[in-house]
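Okay, structure first, notes after.
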Amino acid sequence: MAWTDSDTVKKFLPGLTGGATSFRDVPLILSDTGVGQLPHTGLVLASEVVKRLGNDDVEGPEAVTLPSETWVALPDSALLAGEVVAADNWQLETVYSEGVDYLIDTIEGKIRRIAGGAISGGATVKVWYRKYEVLAKDVDYEIDYATGTISLAEESEIPPGATLAVDYELNAASSVEDLIPEAIIQAEDKIVRRLKSGYTTASTDQGLVTGATELTLAIICRSLAVRALGDGLPAAQSRGKSWLELSSLFDRSASKTLKPFMSVPALASGGVQGNGSWEWN
């Protein structure tokens, strides 16, 4: 038996998320042995930027004149996102809003005003920020992309227990690699237990192939919803809801595709017979 397989399922996965999903400044606290576990597995190869947070000292205020909408360099690059403050003076009488009054390039350490915002052309603003140090792979740390594990390299000067921030990317195919085989087993088990007389695990009808693939995708999407809700990262609830909605769509499609092959008990008028993750009206 095997109406579907990993290669078939993978064909549908890249489109589920519209490509890679980026995560920024995910906190990672290393253990006493210098090992940390990210909330995701299956990272895109070489997509990571591992940062060591600086001390708690805030840099600034730096006086910066913002002419027109031209980028102006700050004294430092590698700034922490969300840790930049721009104000009209050092007393912070007027604090400007990022994305409304000004833009920040945290990687290059640059700032510019936004036309129509509260900062007039040529005005001098005071800027405070925190910065980070970008660590070097195989020098400061080692990474297992499949498991999402980061550990200190043998000669690393970073102390165990340090707090890091990590940028990385996931895509549908890489993040569900470990889910596919078990999802196929679960989906085909559900189908076998309801097959009509005359159909067996050796049947090759296209409807069984399509339905098994759809049901497998529904199971995978539910698993990804659980992962999203449990990772504690920004927008976890909305990402989890999106995966559940996709799961429901695949569930309903599988139900319709497989209905001709399924032996469904007689129902009371208007009733619904369910089977765990799917149901037929």
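Quick notes on this one:
- Within the stretch 138-159, being surrounded by fewer than 14 Cβ atoms within 10 Å (Cβ to Cβ) and either closer than 23 Å to LEU80 by Cβ or in contact with a helix residue (DSSP H, G or I) (Cβ under 7 Å, 6 or more places away or on another chain) (or both) holds for VAL139, GLU157, PRO159.
- Selection within the stretch 99-116 - surrounded by fewer than 16 Cβ atoms within 10 Å (Cβ to Cβ) and without any contact (Cβ under 8 Å) to a residue 40 or more places away in the chain: GLY99, VAL100, LEU103, ASP105, ILE107, GLU108, GLY116
- So VAL209, is it loosely packed, with under 15 Cβ neighbours inside 10 Å, part of a helix (DSSP H, G or I) and of a type in the set (A, V, I, L, M, F, W, C): no
- Residues of the stretch 173-212 satisfying the condition of being more than 23 Å from THR41 (Cα to Cα) and of a type in the set (S, T, N, Q): SER197, THR200, THR201, SER203, THR204, GLN206, THR210
- Look at (1) closer than 19 Å to VAL26 by Cα; (2) more than 28 Å from the chain's Cα centre (by Cα) and you find that GLY230 fails only one, number (2).
- Residue count for the stretch 163-218 under the criterion of being in contact with a strand residue (DSSP E or B) (Cβ under 9 Å, 6 or more places away or on another chain) and on the phi > 0 side of the Ramachandran plot: the result is 0.
- Among the conditions (1) over 19 Å from GLU48 (Cα atoms); (2) at pLDDT below 90; (3) surrounded by fewer than 14 Cβ atoms within 10 Å (Cβ to Cβ), the only one that ARG227 does not satisfy is (3).
The values are calculated or read from the model by the stated rules, or taken from the named source; none is laboratory data. The structure displayed is predicted, hence computed values, not measured ones. Positions of Cβ are generated from backbone atoms using ideal geometry, with glycine treated the same way; all protein chains shown enter the neighbour counts.
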